[in-house]
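The values are calculated or read from the model by the stated rules, or taken from the named source; none is laboratory data. On a predicted model such as this, the values are computed, not experimentally measured, just so you know. Cβ atoms come from the backbone with ideal geometry, glycine included; neighbour counts cover every protein chain shown. Accessible surface areas use protein heavy atoms only, side chains included; no ligands, DNA or RNA. Shrake-Rupley method; radii C 1.70, N 1.55, O 1.52, S 1.80 Å.
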Amino acid sequence: MDSSLHEVWQAASGSPFIPTIGKDNQFLFAFILLVLGFGLSGAFALNRSLVSLPTLALPASLSLAIGVVYMFCAVGVYTKPPPNNMDAQDPPIFRAVASSTRLLYQLLKAINFTNKVHVEITAEGIRFSTDHARVMQGVAHWNKTLFTSYTTNIPTADDEDDAPPPSATFQLSLPALLETLQIFGAADAAARQARSDVDPYRSTNLRNYRSDAFSNQTLGMSNGTCSLSYSAEGDPFSIILEEGGVKTTCNLTTYVPEIPEDIPFDIEDLGFKIITQARWLLDALAELAPASPEKLIITASKAVPYLKLTSSGGALGSGGIDFSQGKDLLETFTVRKKKWSQSFKFDMVKAASEAMRIATKVSLRGDGQGVLSMQLLVEVGGEGGGVCFLDFRFVPYAERDDEETESGEGEEDGEEQGMEVDR
């Protein structure tokens, strides 16, 4: 709307138009004019002459015309007033404002190994979960303390008393969400990609967790104010980024949630539990990565070495790293049985290296079925402080069938040899 027209509109609200005949009297006035007009029309029909034209026909026409206009004003215009769209619009299901997108982007980047991410909005925060072939799962949490403003209006079911807390669920494109959050940091991302193309070692080195001296992260520059909103079920997920007078609005398409089940992990049947520094685990994987191994064998035992990481199946050989100094390197160490050992796909565990870069501590747990749980603690700076958690779960290789098959083949060979000896 033009500014001059807007000023005229506001000025006109101070001096409203008052009709000569008020709203309450318009219907009666129109009815009298219509009755008078029909009466004069009937009299003119009975007495048609030139003398009756100005005395009967003309007054009848004016009475009917004016009466019809007032009847429309009394009945048609004021019966249904125009609805107020602002009052009729329901409040959005979710709305939040963050002063920076740096930490939000880092938490999501840590679980960036699939195209779709499952989003669950609750009153306590937002939960993002990704799944890869039901053998690897990553979960990132955006706690409401990360936002300067966080409001939800999630509809609840009135007939269920023992229902879980209400939540809004949908799926988003994870690459599109990450690209949106780093719009104002695209220069740093392009520079890192260019250096990775020139230096392949930089792109494959897991220790490459140091930022540049003039990056936005090092200089303390935020990526601007970020506003998130989700109006209703099926509507797009809206993200509004604003920095230095530049405002960008992105509407991401939401998809019907598949609601995948979490990888089962029996916390009551823990085989081992270890808490250590996340950087030490990242350095251990960095030492094993150059051999391009296929498997990573994690062994926890009560005796030295307390924790051992062994790589196998690589084109350049195998390797192993022992955490022998358990008291100095491992803050918490618990092994239920004498030894717990399982093998996992190395590339899946390596996918959690981005989470290890930003985390300070890592908790490794293994249950009786061999499922590995990796929980990383990320410290949140700023005025509010606090911590965030990243959860990963890995399903081990099913090697028991292979071992049984090998043992079965060995027994068959032994029987055949025994038969030959008897002969």
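Where the second residue is open to solvent by 60 Å² or more (accessible area, probe 1.4 Å) and not acidic (Asp, Glu) and the first is within 17 Å of Pro19 (Cβ to Cβ) and lies in segment 58-74, which pairs have Cβ atoms under 7 Å and are six or more apart or on separate chains?
Tyr70/Phe29; Ala74/Phe27
With in a loop (DSSP other than H, G, I, E, B), within 30 Å of Leu228 (Cβ to Cβ), open to solvent by 70 Å² or more (accessible area, probe 1.4 Å) and at pLDDT below 85 as the only criterion, which of Met1, Met86 stands out?
That would be Met1, the only listed residue that is in a loop (DSSP other than H, G, I, E, B), within 30 Å of Leu228 (Cβ to Cβ), open to solvent by 70 Å² or more (accessible area, probe 1.4 Å) and at pLDDT below 85.
Somewhere in segment 277-288, is a residue surrounded by fewer than 16 Cβ atoms within 10 Å (Cβ to Cβ), in a helix (DSSP H, G or I) and touching a residue at least 60 places away in the same chain (Cβ under 8 Å)?
Scanning segment 277-288 turns up at least one residue that is surrounded by fewer than 16 Cβ atoms within 10 Å (Cβ to Cβ), in a helix (DSSP H, G or I) and touching a residue at least 60 places away in the same chain (Cβ under 8 Å).
So, in segment 117-140, how many residues would count as being outside any loop (DSSP other than H, G, I, E, B), among the hydrophobic types (A, V, I, L, M, F, W, C) and open to solvent by 50 Å² or more (accessible area, probe 1.4 Å)?
Matching residues across segment 117-140 total 0.
Right, Pro91: closer than 30 Å to Asn153 by Cα, modelled with pLDDT under 80 and not aromatic (Phe, Trp, Tyr) or not?
Considered against the rule, which asks whether it is closer than 30 Å to Asn153 by Cα, modelled with pLDDT under 80 and not aromatic (Phe, Trp, Tyr), Pro91 comes out as no.
Can you tell me how many residues within segment 95-116 are buried (at least 22 other Cβ atoms within 10 Å of the Cβ) and in a strand (DSSP E or B)?
1
If a residue must be over 16 Å from Tyr70 (Cα atoms) and surrounded by 16 or more Cβ atoms within 10 Å (Cβ to Cβ), how many such residues does segment 21-56 contain?
5
Any residue in segment 340-353 that's among the aliphatic types (A, V, I, L, M): show its pairings with residues that are open to solvent by less than 10 Å² (accessible area, probe 1.4 Å) and outside any strand (DSSP E or B) at Cβ separation under 8 Å, as long as the two are six or more apart or on different chains.
That search, which allows pairs on different chains as well, returns Val349/Leu285; Ala352/Ala110.
Restricting attention to segment 292-311, which residues are buried (at least 17 other Cβ atoms within 10 Å of the Cβ) and without any contact (Cβ under 8 Å) to a residue 60 or more places away in the chain?
Pro293, Leu296, Ile297, Thr299, Tyr306, Leu307, Lys308, Leu309, Thr310, Ser311
Quick check, is Gly319 surrounded by 21 or more Cβ atoms within 10 Å (Cβ to Cβ), part of a strand (DSSP E or B) and not hydrophobic (A, V, I, L, M, F, W, C)?
Considered against the rule, which asks whether it is surrounded by 21 or more Cβ atoms within 10 Å (Cβ to Cβ), part of a strand (DSSP E or B) and not hydrophobic (A, V, I, L, M, F, W, C), Gly319 comes out as no.
Which one of these is touching an Asp or Glu at 6+ places or on another chain (Cβ under 9 Å), open to solvent by less than 40 Å² (accessible area, probe 1.4 Å) and either under 24 Å from His132 (Cβ atoms) or hydroxyl-bearing (Ser, Thr, Tyr) (or both): Phe265, Phe344?
Selected residue: Phe265, the only one of Phe265, Phe344 that is touching an Asp or Glu at 6+ places or on another chain (Cβ under 9 Å), open to solvent by less than 40 Å² (accessible area, probe 1.4 Å) and either under 24 Å from His132 (Cβ atoms) or hydroxyl-bearing (Ser, Thr, Tyr) (or both).
Kindly list, by first and then second residue, each pair from a residue in segment 30-54 that is over 29 Å from Thr20 (Cβ atoms) to a residue that is part of a helix (DSSP H, G or I) and aliphatic (A, V, I, L, M), limited to pairs with Cβ atoms under 8 Å and residues at least 6 apart or on different chains.
Cβ pairs passing all conditions: Asn47/Leu56; Ser52/Ala43.
Applying the selection to segment 149-195, what residues are open to solvent by 60 Å² or more (accessible area, probe 1.4 Å), at pLDDT 85 or above and within 19 Å of Ser231 (Cα to Cα)?
Thr151, Asn153 - these are the residues of segment 149-195 that are open to solvent by 60 Å² or more (accessible area, probe 1.4 Å), at pLDDT 85 or above and within 19 Å of Ser231 (Cα to Cα).
From the residues in segment 243-262 that are in contact with a strand residue (DSSP E or B) (Cβ under 9 Å, 6 or more places away or on another chain) and more than 30 Å from Pro155 (Cα to Cα), which one is surrounded by the most Cβ atoms within 10 Å (Cβ to Cβ)?
Glu243
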